[in-house]
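Report on the structure given below.
The values are calculated or read from the model by the stated rules, or taken from the named source; none is laboratory data. What you see is a predicted model, and the numbers here were worked out from it, not measured in a lab. No Cβ is skipped: glycine too gets one built from the backbone with ideal geometry, and neighbour counts run over all protein chains shown.
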Amino acid sequence: MMTFFKQTRGDNKQPAEYLKHNPLCEPCRIENGIQESAIEVHHITPAKAKMKIEHILNYLSVCRVCHFRFHSMRPVSAMIHRGMEIKYKLLQNAN
Ligand SMILES: [Zn+2]
Ligand SMILES: [Zn+2]
């Protein structure tokens, strides 16, 4: 059986790798057509620091403004939904 989600502990290089391959803020790009440099990786489904879901489908490259916007959303389920929506648009756009 294929493993889609890997739960890892401690330091992980996957978010940094993702950022390297996706250097532009993805919400800015897909929502507004703006090319803004991404500075960090947002985890669409958040978890406790030691049990994050480390998978490209759970990542979004974000600028500081977009990242702040995500984490200001309440309830957290709204933040997750918004992240998934953007990921879905990105995946559709990739074809
Ligand atoms: Zn942005
Ligand atoms: Zn985040």
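At-a-glance table
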quantity: Of all residues in segment 47-95 being within 12 Å of ligand 2 (Cβ to nearest atom) and of a type in the set (Ser, Thr, Tyr), the one that is nearest to Asn12 (Cα to Cα); calculated: Tyr59
quantity: So Ser77, is it more than 10 Å from ligand 1 (Cβ to nearest atom) and of a type in the set (S, T, N, Q); calculated: yes
quantity: Output for segment 31-71, where each listed residue is among the small types (Gly, Ala, Ser) and more than 16 Å from ligand 1 (Cβ to nearest atom); calculated: Ala47, Ala49
quantity: Looking only at segment 36-60, and only at residues there that are modelled with pLDDT of 95 or more and among the small types (Gly, Ala, Ser), the one that is nearest to Ile80 (Cα to Cα); calculated: Ala38
quantity: Selection within segment 23-41 - touching a helix residue (DSSP H, G or I) at 6+ places or on another chain (Cβ under 9 Å) and more than 14 Å from ligand 2 (Cβ to nearest atom); calculated: Cys28, Arg29, Ile30, Glu31, Ile34, Gln35, Glu36
quantity: Check on Ile44, within 13 Å of ligand 2 (Cβ to nearest atom) and closer than 16 Å to Glu26 by Cβ; calculated: yes
